[in-house]
1. For region 18-54, give me the residue count where each residue is in contact with a Pro (Cβ under 9 Å, 6 or more places away or on another chain), more than 16 Å from Ile88 (Cβ to Cβ) and assigned to a loop (DSSP other than H, G, I, E, B).
2. Filter region 159-170 down to the residues that are part of a helix (DSSP H, G or I) and either within 20 Å of Arg216 (Cα to Cα) or free of Cβ contacts under 8 Å to residues at least 40 places away in the same chain (or both) and list them by number.
3. Has region 197-204 got any residue that is farther than 20 Å from Ala100 by Cβ, of a type in the set (D, E, K, R) and open to solvent by 60 Å² or more (accessible area, probe 1.4 Å)?
4. Quick check on my filter: what residues within region 81-90 are in a strand (DSSP E or B) and open to solvent by less than 10 Å² (accessible area, probe 1.4 Å)?
5. Tell me which residues, restricted to region 60-80, are part of a loop (DSSP other than H, G, I, E, B), small (Gly, Ala, Ser) and at negative phi.
6. I'd like to check something: does region 87-99 contain any residue that is polar (S, T, N, Q) and more than 21 Å from Ala163 (Cα to Cα)?
7. Would a scan of region 37-47 turn up a residue that is of a type in the set (A, V, I, L, M, F, W, C), buried (at least 23 other Cβ atoms within 10 Å of the Cβ) and out of contact with any Ser or Thr (no Cβ under 7 Å at 6 or more places or on another chain)?
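The values are calculated or read from the model by the stated rules, or taken from the named source; none is laboratory data. Predicted model only: the values in this text are computed from it and were never measured. Ideal geometry is used to build each Cβ from the backbone, glycine not excepted, and the neighbour counts take in all protein chains shown. Surface accessibility is based on the protein's heavy atoms, side chains included, excluding ligands, DNA and RNA. Shrake-Rupley method; radii C 1.70, N 1.55, O 1.52, S 1.80 Å.
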Amino acid sequence: MADVSVVIPVRDDAVHLQRCLVALSQQSVAPLEIVVVDNGSSDDSAAVARAHGARVVVEPTVGIPAAAATGYDAAVGGVIARLDADSIPPADWVERVQDALDRRPEAVAVTGFGVFRDALPGLGWLLAVLYLGSYYLLGALAAGHHVLWGSSMAIRRQAWADASSRVHRDRELHDDMDLALVLGPGARVALVPSLLVGVSARSLRGLPQLRRRLDRAVRTLRVNWRDAPPWERWAVTLSRLSRRATHRVDRTSHTS
């Protein structure tokens with residue numbers, strides 16, 4: 001059993017949650033616990049969670065930021081992993097999460113990749129590369145470091161404890177991007193493409209949905225840039241990279 005708590009926020013999404021929990025029941029290494037945060041569901045999402053042995057935590061304030069934060073606060077594992085209700089993790093996902101952080105002791109969080117499993121045939125990977133590639137690239141440019149993707153990510157418990165009181169629980173923000181920005185460029189976030197999950201393409205359907213996601217991204221950046229503008233974030237990142245390069249040169253010169 002891995003020292004990993006898996007947190008899943010859900011609101012009226014019992015069908016997708018069922019599939020996600022079935023996938024988690026088939027893991028090569030079982031998680032320590034599964035925490036499903038019922039965010040004001042009117043369907044049987046909570047009953048589905050309990051039927052699969054998950055611990056249900058209630059967060060009445062509607063919005064993924066509040067629900068995710070409540071789940072992280074409730075988690076007891078040394079690693080807090082996050083899936084969305086529509087995520088379908090492969091059988092070794094929990095094992096890969098633990099291994100990704102074990103191999104990167106300097107990283108406080110890791111973030112993965114996905115494929116849109118219900119897109120038109122042949123488009124699942126292409127859409128994922130375009131969408132997530134743009135998200136990660138533009139997010140890194142804006143933040144000065146990697147951002148997180150809530151459908152497949154994990155954070156060390158201590159890092160969350162340090163960030164919990166500082167994250168913004170506004171429903172019109174992207175909670176995953178916000179958490180990465182709050183962690184800041186001084187805390188390393190690693191992109192690990194092998195943390196691959198299947199996800200629904202529903203978040204890409206329709207201009208209103210895309211516009212809302214873009215508005216939330218702008219709002220998330222604006223809120224966090226008030227605390228630390230991008231040029232300050234990049235200054236920290238470049239300084240960190242410079243120190244690492246110097247350390248690497250020093251090690252090479254000492255061994256030659």
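1. 2
2. Ala161, Asp162, Ala163
3. Yes, the conditions are met somewhere in region 197-204.
4. Across region 81-90, the qualifying residues are Ala81, Arg82.
5. Of everything in region 60-80, those that are part of a loop (DSSP other than H, G, I, E, B), small (Gly, Ala, Ser) and at negative phi turn out to be Ala75, Gly77, Gly78.
6. Within region 87-99, the subset polar (S, T, N, Q) is 87, 98.
From what's left, more than 21 Å from Ala163 (Cα to Cα): 87.
Within region 87-99, one or more residues are polar (S, T, N, Q) and more than 21 Å from Ala163 (Cα to Cα).
7. Looking through region 37-47, none of the residues is of a type in the set (A, V, I, L, M, F, W, C), buried (at least 23 other Cβ atoms within 10 Å of the Cβ) and out of contact with any Ser or Thr (no Cβ under 7 Å at 6 or more places or on another chain).
Conditions tested, residue by residue: (1) at pLDDT 90 or above; (2) closer than 20 Å to Ser152 by Cβ; (3) not in a helix (DSSP H, G or I).
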site: Pro185; (1), (2), (3): no, no, yes
site: Ala190; (1), (2), (3): yes, yes, yes
site: Ser194; (1), (2), (3): yes, yes, yes
site: Val197; (1), (2), (3): yes, yes, yes
site: Ser203; (1), (2), (3): no, yes, no
site: Thr220; (1), (2), (3): yes, yes, no
site: Val223; (1), (2), (3): yes, no, no
site: Glu232; (1), (2), (3): yes, no, no
